[in-house]
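Report on the structure given below.
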Amino acid sequence: MGKRLVLTGNHAAAYACKAANVEVVAAYPITPQSPVVEKISEFVETNKLPNTRFVTVESEQSAITAVVAASATGSRVFTATSANGLEYMYEMLSWAAGSRLPLVMCIATRALGAPWSVWTDHQDAFSVRDVGFMNMFCEDNQEIYDTILMAYRIAEDPRVFLPAFVSYDGYILSHTFMPVQTEDPEKVAEFLPKLKHHIDLAKLTNPDQRTKGVNPVTTPDIIPRPGEKPAPGYYEFRYSMQKAHEYAIEVIEEVAEEFSEVFGRKYGNGIYKEYRNDDAEVSLFAVGSIASECREAVDVMRDQGFKVGLVSLKLFRPFPIEHLRKVFQDTEMVVVFDRDIGYGYEGILAYELKSAMYAADRHPIIKGYIVGLGGRDVTKDQIVKGTQKAMETKNKDAMQKDTHTDYLGLKLEELGFKRGEN
Amino acid sequence: MVHTEEDKEYEKNVSQSILASMQKIVTGEAGKTGSWRSMRPIFNADKCIVVKTNKPTCHLCWLYCPENTITREIPPKIDYDYCKGCGICATECPTDAIIMIPEQKEEGNLESQEQKEEH
């Protein structure tokens, strides 16, 4: 039986990497992610991870490049970052996904500059939406630990072979202590067997043993190869990656189920988590820290007699369209709380959900709110107020059609902006 | 058009088969990149440390070449089919044994070769 420890979110992530016996770690420190890799570095230095190589690098771009290269030699690899560091990695993220490398990395979410902010919002984790990584959000430290183990299992599944982000809120989880059940390495090794990679570039330089490897260059068309099958073009590679995403959802559900059997802990169906949502007429929809806060708000509104529930999205990519259509099929209204903005449009979760529900048999009214950018405290009162305002709105059709999104917790009046005074 | 079970099986098979590693590595599949070169590295064996010591001592040109077009031999050889003429070898060479000169068509570079082949 593994030990029950009191850990921060970052240290929970480090302990998960220890349990997963990661082989190569490279990272560059950035607030609020730094303690993850500091802890792993400590494990390596004190010989608690004897088979792990920790590569110190001079930037995030180098960190991701090092783990991408190490992954292509068949190693289980890990890195972590936040905000601007993640943006600095951007180029190599697409490279990791396009090469179908099953690396797992943590994002301790943080607002993107400018202006500088070290506090949490989800803008960074959503800004890498289209690079080809899977993205899973966590609500507590145990979930971080468990999600990393599941993420490796999913990413390394031969039906998937895609990299994965495990995202959790900076400070709110990354620096907050909670009890975390850690697991025995033997038990974890049974759930997470050694990586059987589709690639091993370590053999590349041996001319007698020319291994298969990353195609360095593709052309618009497929390329004939005398003596073997034609090489796919870029288009076929990218089609394959998209299909891997689409069908990964079944694998994710399967792994979540198996995880709960082995370790006895469950996070909904691995796709989303419901809270008092069975008979809900109004559902709240959010990820990470906002979803946690919504749980409190649901309790408050249930006490007041409103049939309100929560759907906390765990899996943001691949986006679980079918699951969301099903879970919201009888819901009258979904209130979405975004700790992010798709600048020039609206909250990212809100428009993703709207697009998923477009072809549903019947779709609920979807009302989006922006909350808590740059770490502004999001309270249950705000969420209750926002939900009730949407519920009380008589002309819901007009509310739905309004192209201006709404904000909770903005303090413009305290800055001297008064309505009707211009 | 709706995806049938057969479509789904087919797509799963494709997604599990077309991976980054499905092909053996080959050289120059997308053409000979040496044709991009505007500056040509010229190697002077008299100044080369490797040649003078007759040992694999320096080989900084081999180490730094981003296109892996310089061999780790005595003397090092440059593969002009793929050398893009970036000049890093010339910059790194401690004894200036590699100099960069403007590429000239009559010296038999790839562009002129290709033109000849076309005619």
query: So for the pair B:M1, A:T379, with labels modelled 7 Å out along Cα→Cβ, what separation do we get in nm?
result: 5.5
- line: In nm, the gap between the two label points placed 7 Å beyond Cα toward Cβ at A:E258 and A:K194 is 1.8
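For the interface of A with B, what's the total buried accessible surface in square angstrom, probe 1.4 angstrom, rounded to the nearest hundred? Spell out each step's value before the answer.
On the way: alone 20020 and 8940 Å², together 26570 Å².
When A and B are taken together, about 2400 Å² of accessible area is lost.
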query: Put simply, what bits of region B:17-46 lose 40 Å² or more of accessible area when the other protein chains are there, versus the chain on its own (1.4 Å probe)?
result: B:I18, B:L19, B:A20, B:S21, B:M22, B:Q23, B:K24, B:I25, B:E29, B:A30
query: How much accessible surface does A:M241 have with a 1.4 Å probe, in Å² rounded to 10?
result: 20
- prompt: Using only helices, what value at 222 nm comes out for the protein assembly as shown when you add -39,500 (n - 2.57) per DSSP H run of length 4 or more and divide by the total residues, to the nearest 500 deg cm²/dmol?
  reply: -11000 deg cm²/dmol
query: Which order do B:V14, A:V251, A:V118 take by accessible area at a 1.4 Å probe, largest first?
result: A:V118, B:V14, A:V251
- line: Mean per-residue count of partner chain Cβ within 10 Å for A:234-242 equals 3
message: Suppose the Debye formula is applied to equal point scatterers at every Cα of region B:25-118; what is log10 I(q)/I(0) at q = 0.21, 0.22 Å⁻¹?
response: -1.02, -1.08
Cβ-Cβ FRET estimate between A:D221 and A:E58, R0 fixed at 51 Å, reported to 0.05: 0.85
statement: Of the listed pairs A:K307/A:K418; A:K266/A:K380; A:K380/A:K418; A:K3/A:K243; A:K196/B:K24; A:K187/A:K243, those with alpha carbons more than 30 Å apart are A:K307/A:K418; A:K3/A:K243; A:K187/A:K243
Cross-link partners of B:K52 among lysines (Cα-Cα below 22 Å; sequence separation of 8 or more within a chain): B:K77
Helix axis angle, B:5-17 relative to chain B longest principal axis, alpha carbon, degrees: 20
task: Enter the accessible area per residue of the protein assembly as shown (Å², integer; probe 1.4 Å; all protein chains in place).
output: 49
statement: One finds the C-alpha centres of region A:322-365 and region B:9-80 to be spaced, in Å, by 51
query: Using a cut-off of 15 Å between alpha-carbon atoms, which aspartates and glutamates can reach B:K12, once sequence neighbours fewer than 8 places away in the same chain are excluded?
result: A:D157, A:E236, A:E246, A:E250
- request: Quantify how strongly other chains surround peptide A:247-256 by giving the mean number of their Cβ atoms within 10 Å of each of its Cβ atoms.
  value: 1
task: Using a 1.4 Å probe and counting only protein heavy atoms, arrange A:T31, B:T27 so the residue with the most accessible area comes first.
output: B:T27, A:T31
- prompt: Between the helical axis of A:288-303 and the dominant principal axis of chain A, each derived from Cα atoms, what acute angle in degrees is found, rounded to the nearest 10?
  reply: 30
message: If DNA, RNA and ligands are ignored and the probe is 1.4 Å, what is the ranking of A:W95, B:W62 by accessible area, most exposed first?
response: A:W95, B:W62
query: Expressed as an acute angle from 0 to 90° and rounded to the nearest 10, what is the orientation of the C-alpha long axis of helix A:60-71 relative to the principal long axis of chain A?
result: 50
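The values are calculated or read from the model by the stated rules, or taken from the named source; none is laboratory data. Computed from a prediction, not measured in an experiment: that's the story for all the values here. For neighbour counting, all protein chains shown are included, and Cβ atoms are generated from backbone atoms with ideal geometry for every residue, glycine included. Keep in mind that these areas ignore ligands, DNA and RNA; they rest on the heavy atoms of the full protein, side chains included. Shrake-Rupley method; radii C 1.70, N 1.55, O 1.52, S 1.80 Å.
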